[in-house]
Amino acid sequence: MSPRNIEEAHKKSLNVEYMDLNNPHDIGDKFEAVFLSHVLEHVECPINLIRYMKNQLTPKGKLIIAVPNEYSFIHMVYPYFTDDGNHLYSFSVTNMKELIKYSGLKLDKV
């Protein structure tokens, strides 16, 4: 998140906070839903971030995760996992299911 985006969010009275997701801290609140879009492939330990997000949910809360699929047609044409270090991990449906299982969350649907 850029400082400009945070400033714009504050202007709109949105409660946003900059945080290093490799070392997240408890924000003292629980959420009914958390949307994690195209983030897991950038963090050092994806399962730790999933477990952190799980702890930020209310008992019936939902964690929605979107990641690039290493077997997608788009990836075959425009590989997202390159040598530039931008993406630390690549994901498939199979390994995402494993991450969800070992994080302690229940998978609703893929």
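The values are calculated or read from the model by the stated rules, or taken from the named source; none is laboratory data. Keep in mind that this is a model prediction, so the values were computed, not measured. A quick note on method: Cβ atoms are made from the backbone with ideal geometry, for glycine too, and the neighbour counts reach across all protein chains shown. For accessibility, only protein heavy atoms count, side chains too; no ligands or nucleic acids. Shrake-Rupley method; radii C 1.70, N 1.55, O 1.52, S 1.80 Å.
Lysine pairs in the chain whose alpha-carbon atoms fall under 19 angstrom of each other, counting only those eight or more residues apart or on distinct chains, come to 19.
Among all stretches of the chain without exposed chymotrypsin sites (Phe, Trp or Tyr not before Pro) (DSSP loop, at most 12 other Cβ atoms within 10 Å), which one is longest? Walk me through the numbers before you get to the answer.
Working: sites that count: Tyr18, Tyr71.
Longest site-free region, per DSSP loop and neighbour criteria: 19-70.
The amide H of Leu57, built 1.01 Å from its N in the peptide plane, has Phe31 as neighbours under 5 Å, considering only residues 5 or more places off or on other chains.
The simple spin-label model puts a point 7 Å past each Cα toward its Cβ; for Val110 and Glu7 those points are separated by 4.4 nm. Rolling a 1.4 Å probe across the protein heavy atoms gives the chain an accessible surface of 74 Å² per residue. A simple count of charges around Gly61, restricted to other residues whose Cβ falls under 13 Å of its Cβ and scoring Lys, Arg +1 and Asp, Glu -1, yields +2. All other residues whose Cβ lies under 13 angstrom from that of Asn95 are scored, Lys and Arg at +1 and Asp and Glu at -1, for a net of -1.
Taking the Cα centre of the chain as the origin, how large is its charge dipole in debye, to the nearest 20, when only Lys and Arg (+1) and Asp and Glu (-1) carry charge on their Cβ atoms?
600
Here the calculated FRET efficiency for Ser92 and Gln56, from their Cβ-Cβ distance with R0 = 30 Å, stands at 0.70, rounded to the nearest 0.05. For region 1-55, GluC sites (Glu not before Pro) are listed when DSSP marks them as loop and at most 15 other Cβ atoms sit within 10 Å of their Cβ; the list is Glu17, Glu44. For Glu32, what is the net charge nearby, where nearby means another residue's Cβ is under 10 Å from its Cβ and Lys, Arg count +1, Asp, Glu -1? Local net charge: +3. Toward the positive end of the charge dipole of the chain, with +1 on the Cβ of Lys and Arg and -1 on the Cβ of Asp and Glu, the farthest Cα among Leu49, Phe35, Asn22 is that of Phe35.
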